[in-house]
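K.L.:
Here it is, the structure, as structure tokens.
The values are calculated or read from the model by the stated rules, or taken from the named source; none is laboratory data. Note that the structure is a prediction, hence the values are computed from the model and not measured. Don't worry about glycine lacking a Cβ; one is built from the backbone with ideal geometry, like all the others, and counts go over all protein chains shown.
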């Protein structure tokens, strides 16, 4: 604020215009630096799993619609978000249960953490869920889940609901029955879009990936092959991004998703970007330092790295780590920035 801003006349002017819902820009105190209120944090599987099992005894899918524990950032109490632009939850479904069909405007992803025997059905196609699978649920598509196996199945939900809330565009509709009719065979989307081939009549709209599931087995195989044949990135090890096979872009217009492999003994250099990122450890043990805070991690632990935080990995055992972020939205709007290892 300039010296003139302290004058009685200017102070009186500022007060008078506020009564008309006007405010002087020159008195605004808003940060012009990157970063968010989100704080680095880790949710350990050893803490989360017992609470999920308690929830199973206390509430059923008919009562809760979805039995989900939200991961709320400790610096953003009451927000229900893990970061300003990202929702993260951990969902569990027991044998014989059905999570009824509905649809909503937020896009959703699933990353399967534990158990087999559950399925998800999206837009008339059912796919079984296996640990490490990345599953796409486009906005406004009917989807339901069920468990026809013999053990509980747990997965991580990621949604871009912060965007729909920001724009006032959050809608939801329940299907009349618990499950939707299936009119596509299991594996149809994989056959059509999962082999670097496209149906000749397909017209890409550039929005959400038409591929329903990205199986972990294929992703793991690709990472292992590249580990042997390509140099490691100094910060990320071997890191691949999931792509919309019809466009080569991110699977969602708002969210990007990745899988990376860190060989045993890997010590990554710090890097940072403006994306808010959530990580889920599929395999291995190690540590990550985020904005100066060190977190030890193991399988199924989840942690968040806020925008413009230095992130550095160390792997005690070979690690495979899934992550997703708001990078797609930032790139689309021209906001995304990154600083690679050794820069700055």
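K.L.:
With the condition kept exactly as written, say whether any residue in segment 65-72 is under 18 Å from the mean Cα position of the chain (by Cα) and more than 30 Å from residue 176 (Cβ to Cβ).
P.N.:
Yes.
K.L.:
Could you please find all residues in segment 275-291 being assigned to a loop (DSSP other than H, G, I, E, B) and either surrounded by fewer than 24 Cβ atoms within 10 Å (Cβ to Cβ) or out of contact with any strand residue (DSSP E or B) (no Cβ under 8 Å at 6 or more places or on another chain) (or both)?
P.N.:
Of everything in segment 275-291, those that are assigned to a loop (DSSP other than H, G, I, E, B) and either surrounded by fewer than 24 Cβ atoms within 10 Å (Cβ to Cβ) or out of contact with any strand residue (DSSP E or B) (no Cβ under 8 Å at 6 or more places or on another chain) (or both) turn out to be 284, 285, 291.
Residue-wise test of (1) over 19 Å from residue 250 (Cα atoms); (2) surrounded by 22 or more Cβ atoms within 10 Å (Cβ to Cβ); (3) within 18 Å of the chain's Cα centre (by Cα).
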{"position": "93", "(1), (2), (3)": "yes, yes, no"}
{"position": "99", "(1), (2), (3)": "yes, yes, no"}
{"position": "105", "(1), (2), (3)": "no, no, yes"}
{"position": "117", "(1), (2), (3)": "yes, no, no"}
{"position": "144", "(1), (2), (3)": "yes, no, no"}
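K.L.:
Take the residues in segment 82-91 that are touching a strand residue (DSSP E or B) at 6+ places or on another chain (Cβ under 9 Å) and not in a strand (DSSP E or B), then tell me which one is surrounded by the fewest Cβ atoms within 10 Å (Cβ to Cβ).
P.N.:
The extreme case among them is 85.
K.L.:
Given (1) in a helix (DSSP H, G or I); (2) surrounded by 16 or more Cβ atoms within 10 Å (Cβ to Cβ); (3) over 19 Å from the mean Cα position of the chain (by Cα), where does residue 51 come up short, assuming only one miss?
P.N.:
Answer for residue 51: the failing condition is (2).
K.L.:
Does residue 228 fit the bill of being over 24 Å from the mean Cα position of the chain (by Cα) and not in a loop (DSSP other than H, G, I, E, B)?
P.N.:
The answer is yes for residue 228.
K.L.:
While we're on this one: Please find, within segment 300-314, the residue that is farthest from residue 38 (Cα to Cα) out of those that are in contact with a strand residue (DSSP E or B) (Cβ under 6 Å, 6 or more places away or on another chain) and buried (at least 23 other Cβ atoms within 10 Å of the Cβ).
P.N.:
In this case the residue turns out to be 313.
K.L.:
Residues that are more than 26 Å from residue 48 (Cβ to Cβ) and either surrounded by fewer than 17 Cβ atoms within 10 Å (Cβ to Cβ) or modelled with pLDDT of 95 or more (or both): does segment 151-162 have at least one?
P.N.:
Scanning segment 151-162 turns up no residue that is more than 26 Å from residue 48 (Cβ to Cβ) and either surrounded by fewer than 17 Cβ atoms within 10 Å (Cβ to Cβ) or modelled with pLDDT of 95 or more (or both).
K.L.:
Follow-up. Under 7 Å by Cβ, and 6 or more places apart or on different chains, what pairs join a residue from segment 209-221 that is under 9 Å from residue 134 (Cα atoms) with one that is assigned to a helix (DSSP H, G or I)?
P.N.:
Listed pairs, sorted by first residue: 212/189; 213/190.
K.L.:
Only residues that are part of a helix (DSSP H, G or I), modelled with pLDDT of 90 or more and out of contact with any strand residue (DSSP E or B) (no Cβ under 8 Å at 6 or more places or on another chain): list them for segment 54-81, please.
P.N.:
If the condition is that a residue be part of a helix (DSSP H, G or I), modelled with pLDDT of 90 or more and out of contact with any strand residue (DSSP E or B) (no Cβ under 8 Å at 6 or more places or on another chain), then 54, 57, 58 are the ones that fit.
K.L.:
Sticking with this one: Being closer than 22 Å to residue 306 by Cα and in contact with a strand residue (DSSP E or B) (Cβ under 6 Å, 6 or more places away or on another chain): is that true of residue 34 here?
P.N.:
The answer is no for residue 34.
K.L.:
Further question on the same structure: Taking residue 189 as meeting all but one of (1) in a loop (DSSP other than H, G, I, E, B); (2) in contact with a strand residue (DSSP E or B) (Cβ under 9 Å, 6 or more places away or on another chain), write down the number of the exception.
P.N.:
Of everything listed in (1) in a loop (DSSP other than H, G, I, E, B); (2) in contact with a strand residue (DSSP E or B) (Cβ under 9 Å, 6 or more places away or on another chain), residue 189 misses just condition (1).
K.L.:
Another question about this same structure. Has segment 243-256 got at least one residue that is touching a residue at least 12 places away in the same chain (Cβ under 8 Å), in a strand (DSSP E or B) and crowded, with 17+ Cβ neighbours inside 10 Å?
P.N.:
yes
K.L.:
Hey, another quick one. Could you tell me how many of the residues in segment 257-274 are part of a loop (DSSP other than H, G, I, E, B), more than 18 Å from the chain's Cα centre (by Cα) and buried (at least 18 other Cβ atoms within 10 Å of the Cβ)?
P.N.:
Number of matching residues: 3.
K.L.:
Is it the case that residue 294 is in a strand (DSSP E or B) and surrounded by fewer than 22 Cβ atoms within 10 Å (Cβ to Cβ)?
P.N.:
For residue 294, the condition - in a strand (DSSP E or B) and surrounded by fewer than 22 Cβ atoms within 10 Å (Cβ to Cβ) - is met.
K.L.:
Being farther than 17 Å from residue 106 by Cβ and assigned to a loop (DSSP other than H, G, I, E, B) is the filter here; which residues of segment 122-137 pass it?
P.N.:
Residues satisfying the conditions are 124, 129, 130, 131, 132, 133.
K.L.:
Does residue 10 meet the test of being part of a helix (DSSP H, G or I), over 26 Å from the mean Cα position of the chain (by Cα) and at pLDDT 85 or above?
P.N.:
yes
K.L.:
When you scan segment 192-204, how many residues do you find that are touching a residue at least 12 places away in the same chain (Cβ under 8 Å) and in a loop (DSSP other than H, G, I, E, B)?
P.N.:
5
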